[in-house]
Structure formats: structure tokens, C-alpha cells
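Novice: After the C-alpha cells below, expect a handful of questions from me.
The values are calculated or read from the model by the stated rules, or taken from the named source; none is laboratory data. Everything numeric in this text was worked out from a predicted model, so none of it was measured. When we count neighbours, we look across all protein chains shown, and the Cβ atoms used for this are built from the backbone with ideal geometry, even at glycine.
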Amino acid sequence: MGAIYVMWKRQLKRFTRAKARIAIALFQPLLFLIAFGFGFGPIYEKAGGGDYMTFLAPGIIAMTILFGSVMNGIETIWDKQFGFLKETLVAPVSRTSIMIGRTLGGASVGLIQGIMVLIITLLLGFKPYSFINLILALIVMFGIATFFTALGIAIASKFEDMQAFPLVMNLLVMPIFFLSGALFSLKDLPNALSIATKFNPLIYGVDALRGLLTGIYEIGLYKDIIVFIPLIILMISIGAWSFSKIEA
């Protein structure tokens, strides 16, 4: 437990000290909210979809967590190159504990970023369906952050080049984001795309988050939970296995 706490605390310190990182993390979702929310809002409303900001806000929160969480993996590569990871791996603690600590730390960072964007959406006029559901929504946000932090660490464990990692992650993350239902409804999609979305882990997080915040579900909360929790456990296991193969 000590190793988990140390890694968790270290990840949080890195984030809170990087003021530029915090500002950049908020700029992209703010741009999406303003450009899409106010730009496509009137078109969405005329098409009978209702308030687009209400539909969009949970998706942008999930997007922020997604991008913030997976990019935590680059810190693994950074630590490899500058020797900190080697010092950590030779310590008399299990690598699984180290990986779980890094994952929880990265997930906490992702959750903080998501909460920041949630506050911004409230300032821009987003009205949650129920403030009581906010607690459950925070749990879902942490679940999304945990899954994608573990994914980032699993992939980063196989990389040595910090320049290649962001390119690979963007190649992977962009389809995950755009086919998650964050920006548009997944109803009435072509069969091929509809099938592809069912294999997208983020779709279940977005649907659960949107449902809790707006009351709008396309899959259903129970199905989201039944599918997403095992996926989180599986990804942590894969991440722990990949991390255990790093050479000290």
C-alpha cells in the first residue's frame, strides 16, 4: 500500500506543479464547448434534438478525461529515459503496486481535469438533470480515467521514444473519441459503424455519464456498468502485465 500511495502522490504533484499543463488541458474542451455548443446548438435545436449544450457537455467532460488520462503514459517513458523508473523498479516492492499507484495517480489527475470542465459547463449554462447524481457521475468519471490511464501505461511500457508515443495515442484515441457518442447520437448509424461502436469502451462511460447528468440514455445505466467495470479490471490487469515486463 505504501508504494501505491507514493506513486499516487507523485502523479498529483507533477500535475499541480505544471501550471501550463492545466491551462492547456482546459483550453481544448473550452474551445469544443463554445464552437460546437453555440455553433451547432441552433441547428441541433431546429432539428428537434433539444438543447445541444445539454447533450454535448457530458461528452466533452469524457473527452477531457480521455485525453488527459492516456497522456499520463508519457510520464512512464520520461521516467525510463531519465532513470527514475529504474530506481523505482529495483525497490523491494511489487511492480503491480507501482503500476496501480501510477494508474490511480493518473486517474485522479484525469478526474480533476473532468471536474474543472464540469464547472466550466455549469458556467456556460449546462444544467444537470439531478445534483444528487453528481456523486455517481464522479465515480463514472474516475472509472473512465482509470481505464484510459491504465491503457496509456500499458502502451507506454512498450515504448522508448517520447515522440512516437503521442502519435500512436492520437491514432488510437481519436477514433475512440469520435465513435463514443460524445459529439452526436449513435442512433441510426450505418450497420458497420454501429457494430464498431459496441467495441468502443468509451461509449459505455459516455452513456453512463450523460444519463446521470441529463437523464438521457442510449444504452442504459445497468448495461453500461455491467460492461464497463470488467473492462476496467481487464485493462488494469493488462497494464500491470505490460509494466511488469519493463527491464530495470
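Novice: Out of the stretch 116-127, which residues are under 13 Å from I61 (Cα atoms) and either of a type in the set (V, I, T) or in contact with a helix residue (DSSP H, G or I) (Cβ under 8 Å, 6 or more places away or on another chain) (or both)?
Specialist: To start, the set of residues in the stretch 116-127 that are under 13 Å from I61 (Cα atoms) comprises 116-122, 126.
Scanning the stretch 116-127 gives M116, V117, L118, I119, I120, T121, F126.
Novice: Still on this structure: When you go through V227, V173 one by one, which is the residue that is surrounded by 13 or more Cβ atoms within 10 Å (Cβ to Cβ), in contact with a Phe, Trp or Tyr (Cβ under 9 Å, 6 or more places away or on another chain) and touching a residue at least 60 places away in the same chain (Cβ under 8 Å)?
Specialist: On inspection, the qualifying residue turns out to be V173.
Novice: Applying the selection to the stretch 112-170, what residues are buried (at least 20 other Cβ atoms within 10 Å of the Cβ), in a loop (DSSP other than H, G, I, E, B) and either among the aliphatic types (A, V, I, L, M) or at pLDDT 85 or above (or both)?
Specialist: Within the stretch 112-170, just F126 meets the criteria.
Novice: Further question: All but one of (1) under 23 Å from F131 (Cβ atoms); (2) in a helix (DSSP H, G or I); (3) out of contact with any Ser or Thr (no Cβ under 6 Å at 6 or more places or on another chain) hold for L193, so report the exception by its number.
Specialist: (1)
Novice: Return the residues of the stretch 209-224 that are surrounded by fewer than 15 Cβ atoms within 10 Å (Cβ to Cβ) and assigned to a helix (DSSP H, G or I); say none if nothing qualifies.
Specialist: Answer for the stretch 209-224, where residues must be surrounded by fewer than 15 Cβ atoms within 10 Å (Cβ to Cβ) and assigned to a helix (DSSP H, G or I): Y222, K223.
Novice: Something else: Give me a count of the residues in the stretch 225-248 that are within 30 Å of Y52 (Cβ to Cβ) and either assigned to a loop (DSSP other than H, G, I, E, B) or of a type in the set (G, A, S) (or both).
Specialist: Within the stretch 225-248, residues that are within 30 Å of Y52 (Cβ to Cβ) and either assigned to a loop (DSSP other than H, G, I, E, B) or of a type in the set (G, A, S) (or both) number 0.
Novice: If you go through the stretch 65-72 one residue at a time, do you hit one that is surrounded by fewer than 19 Cβ atoms within 10 Å (Cβ to Cβ), of a type outside the set (F, W, Y) and at pLDDT below 90?
Specialist: No, the stretch 65-72 contains no residue that is surrounded by fewer than 19 Cβ atoms within 10 Å (Cβ to Cβ), of a type outside the set (F, W, Y) and at pLDDT below 90.
Novice: Still on this structure: Condition test on S180, is it touching a residue at least 60 places away in the same chain (Cβ under 8 Å), polar (S, T, N, Q) and in a loop (DSSP other than H, G, I, E, B)? Working first, answer last.
Specialist: Working: touching a residue at least 60 places away in the same chain (Cβ under 8 Å): yes; polar (S, T, N, Q): yes; in a loop (DSSP other than H, G, I, E, B): yes.
So S180 passes the test.
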